[in-house]
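First up is the structure itself, then whatever we jot down about it.
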Amino acid sequence: MIQTIKTTPYTDQKMGTAGLRKKSQVVLQPNYFENFIQSIFNVIKPAGKTYVVGGDGRFYNDIAIQKLIKMASANGVKKLIIGQNGYLSTPASSNIILKRHTDGGFVLTASHNPGGPNGDFGIKFATATGGQCSSQVSDEIFAQTKNISEYRIIDAQDIKLDTIGTQTLEGMEIEVIDPITDYVEMMRGIFDFDAIKKLFANGFTMCFDAMNAVTGPYAIEIFENTLGAAPGSVRNSTPKPDFGGLHPDPNLVYAKDLVNIMFGDKSPDFGAANDGDGDRNMILGKKFFVTPSDSLAILTDNYALIPAYKNGIYGVAKSMATSTAVARVAEAHKIGYYEVPTGWKYFVNLMDSKRITFCGEESFGTGSSHIREKDGIWAILFWLNIIAATGKSVEQITREHWQKYGRSYYLRFDFDGIPTDTANDLMKNLEQKLPSLNGTSQGNFKVKLAETFVYNDPVDHSSTANGMRILMTDGSRIVFRLSGTSSSGATLRVYLEKLEKHDFDAVPREMVDELLRIAMTIAEIEKRTGKKQADIIT
Ligand code: VG1
Ligand code: CO
């Protein structure tokens with residue numbers, strides 16, 4: 001039976017860089033989740049339509065998914081395609097949206113943010129493109145959340161999601177699918193699985209850390225069962241509601257067990273990790289770390305080694321904050337090159353219009369037009385395929401890349417937990433200062449251009465401002481942005497890049513030290529936030 005429940009609005013349901021992301025305790029407030037879902041429905045008019053539903057298995061996934069199912073039925077949805085037990089990685093969900101030509105999908109995740117009652121919860125909403133909804137759509141949804149007075153839900157028992165098959169709820173079809181099979185098939189269609197199988201058969205070793213999040217079962221099936229990596233190559237492979245206390249963000253700080261393994265004695269040949277919902281990746285070799293910006297450049301440079309791309313690729317795109325390494329590759333290969341604001345949704349139009357095939361972000365995100373989200377396992381298979389095809393190690397491949405194109409030393413400095421007003425004032429002050437910086441000398445650098453970054457989408461002609469950049473005459477860069485994924489307070493991100501043509505063995509932190517001092521001074525970071533140094537450096 002359909003129930004119409006009266007509710008009152010919350011004022012903080014604005015989506016950020018990737019969906020809605022909040023503290024779990026905020027989402028647990030009465031009707032908080034329901035209000036948000038009904039607001040989406042009010043905008044997308046879901047009657048008669050089909051959606052994909054899944055999540056990364058974090059705390060509240062199981063309860064939220066039941067609410068979502070019952071609300072979808074009450075709002076006239078024709079069909080839901082749901083991952084078994086409510087699990088789907090973000091890339092697997094995007095694949096199913098496209099493969100089954102659905103009208104969109106929901107992934108219940110706060111991505112790389114920690115989970116559990118004291119962690120974060122979130123919702124990513126995708127359209128029929130397979131990518132997350134545009135800012136225009138999320139603005140309309142936000143407007144709905146501020147005016148909502150009721151929502152619709154079916155009063156029924158919980159749906160069983162543990163068995164594959166089809167059932168109905170008040171006329172709505174519910175198809176529970178294996179979340180892994182379609183994804184493995186897609187990967188098999190892109191990469192040379194036989195070559196990678198041979199690599200493992202010849203004794204190649206890897207360690208993949210699923211960080212107790214959603215990609216564990218995908219990784220076991222692909223790396224161990226299909227490609228023959230030794231049993232135990234995948235660690236932390238069982239998704240847990242609190243990720244076993246891990247912070248499922250694949251970087252040198254949070255994936256530290258994997259880093260210790262890869263930098264220890266007898267390290268495997270290859271190391272990798274994914275984030276909570278499986279769209280991010282970190283790549284490591286023996287005692288060697290590949291920055292995500294370099295990874296994007298290296299994958300692009302080696303596209304011809306991959307069966308699906310060997311006949312040529314369209315262009316490549318990166319988020320503005322990502323290092324310029326891939327720009328040099330695009331120039332060498334004479335392919336299109338685009339810089340977009342931070343957030344995967346900005347790549348979608350470029351992929352749909354065949355302007356780009358590959359894209360990536362400095363935040364451990366890499367992907368291609370096989371779907372409309374970044375894809376952690378895709379990036380790892382790409383690296384394995386390159387290694388299988390060339391017989392070279394991760395370090396060799398990367399060093400040869402630097403020899404050819406130069407090395408962009410690159411680090412991101414995050415200043416966390418800043419009061420929102422303080423952060424906004426800091427950015428406003430900086431913006432006013434930018435014009436006066438043009439042409440000035442800053443230490444050993446000379447400013448070529450200091451500006452607010454504005455992206456004009458070539459497809460829908462929308463215009464988006466995101467962050468500020470100071471470009472130096474030697475190719476070095478300083479970028480400032482406020483995070484759009486923090487669940488409380490503000491995070492200031494300062495991205496530093498120094499291009500080096502000859503010295504490839506320096507310590508990145510030392511290489512960017514002068515740029516950091518310049519950035520701290522120009523933005524008055526210590527004076528305004530009281531912080532002498534960043535909280536996290538990645
Ligand atoms: C961060 C990253 C951005 C990424 C986004 C979502 O956003 O910087 O590159 O697209 O997270 O990633 P922000 O606004 O906090 O800088 V995921 O893996 O959470 O979907
Ligand atoms: Co993610």
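The values are calculated or read from the model by the stated rules, or taken from the named source; none is laboratory data. Owing to the predicted nature of the structure, the values given are computational and were not obtained by experimental measurement. Positions of Cβ are generated from backbone atoms using ideal geometry, with glycine treated the same way; all protein chains shown enter the neighbour counts. All accessible areas refer to the heavy atoms of the entire protein, side chains included, with ligands and DNA or RNA removed. Shrake-Rupley method; radii C 1.70, N 1.55, O 1.52, S 1.80 Å.
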Report task. Go through (1) touching a strand residue (DSSP E or B) at 6+ places or on another chain (Cβ under 7 Å); (2) within 16 Å of ligand 1 (Cβ to nearest atom) and name the single condition Arg355 misses. Result -> (2)
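If you go through region 23-43 one residue at a time, how many are in contact (Cβ under 8 Å) with a residue 24 or more places away in the chain and touching a helix residue (DSSP H, G or I) at 6+ places or on another chain (Cβ under 8 Å)? Spell out how you get there, then give the answer.
Of all residues in region 23-43, those in contact (Cβ under 8 Å) with a residue 24 or more places away in the chain come to 23-28, 31, 33-43.
Restricting the remaining residues to those that are touching a helix residue (DSSP H, G or I) at 6+ places or on another chain (Cβ under 8 Å) gives 26-27, 33-43.
So the answer is 13.
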Report task. Give the residue that is nearest to Gly57 (Cα to Cα), with candidates limited to residues of region 106-125 that are away from ligand 1 (no atom under 11 Å from the Cβ) and open to solvent by 10 Å² or more (accessible area, probe 1.4 Å). Result -> Gly115
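Being within 16 Å of ligand 2 (Cβ to nearest atom) and touching a Lys or Arg at 6+ places or on another chain (Cβ under 8 Å) is the filter here, so list the residues in region 269-280 that pass it. Steps first, please.
Let us first name the residues in region 269-280 that are within 16 Å of ligand 2 (Cβ to nearest atom), namely 272-280.
Those that are within 16 Å of ligand 2 (Cβ to nearest atom) and touching a Lys or Arg at 6+ places or on another chain (Cβ under 8 Å): Asn274, Gly276, Asp277, Asp279, Arg280.
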Report task. Please specify each residue of region 128-157 satisfying the condition of being part of a strand (DSSP E or B) and away from ligand 1 (no atom under 16 Å from the Cβ). Result -> Glu150, Tyr151, Arg152, Ile153, Ile154
Query raised in the report: Given (1) closer than 23 Å to Thr485 by Cβ; (2) more than 15 Å from ligand 2 (Cβ to nearest atom), where does Gly365 come up short, assuming only one miss?
Result: (2)
Query raised in the report: Where in region 165-256 are there helices (runs of 4 or more DSSP H), lying wholly inside it, with at least 3 residues that are open to solvent by 10 Å² or more (accessible area, probe 1.4 Å)?
Result: 181-190, 193-201
Query raised in the report: Assuming Val52 fulfils every condition listed in (1) within 16 Å of ligand 2 (Cβ to nearest atom); (2) at pLDDT 95 or above; (3) closer than 14 Å to Ile123 by Cβ apart from one, which condition is it?
Result: (1)
Query raised in the report: How many of the residues in region 429-461 are open to solvent by 30 Å² or more (accessible area, probe 1.4 Å) and either without any contact (Cβ under 8 Å) to a residue 60 or more places away in the chain or under 26 Å from the mean Cα position of the chain (by Cα) (or both)?
Result: 19
Query raised in the report: When the residues of region 470-482 are filtered to those that are crowded, with 21+ Cβ neighbours inside 10 Å and touching a residue at least 60 places away in the same chain (Cβ under 8 Å), which remaining residue is farthest from ligand 2 (Cβ to nearest atom)?
Result: Arg477
Query raised in the report: Is there a residue being farther than 28 Å from Gly489 by Cα and not assigned by TED's automatic domain parsing to the domain that holds Thr215 anywhere in region 415-435?
Result: yes
Requested in this report: Would you check if Ser487 is open to solvent by less than 60 Å² (accessible area, probe 1.4 Å), within 16 Å of ligand 1 (Cβ to nearest atom) and not aliphatic (A, V, I, L, M)?
Outcome: yes
Report task. Output the residues belonging to region 491-512 that are β-branched (Val, Ile, Thr) and open to solvent by less than 30 Å² (accessible area, probe 1.4 Å). Result -> Thr491, Val494, Val512
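Which one of these is more than 16 Å from ligand 2 (Cβ to nearest atom) and closer than 22 Å to Ser233 by Cβ: Lys310, Lys318, Lys287?
Working: Lys310 fails: closer than 22 Å to Ser233 by Cβ; Lys318 fails: closer than 22 Å to Ser233 by Cβ.
None of the others qualify; the one that does is Lys287.
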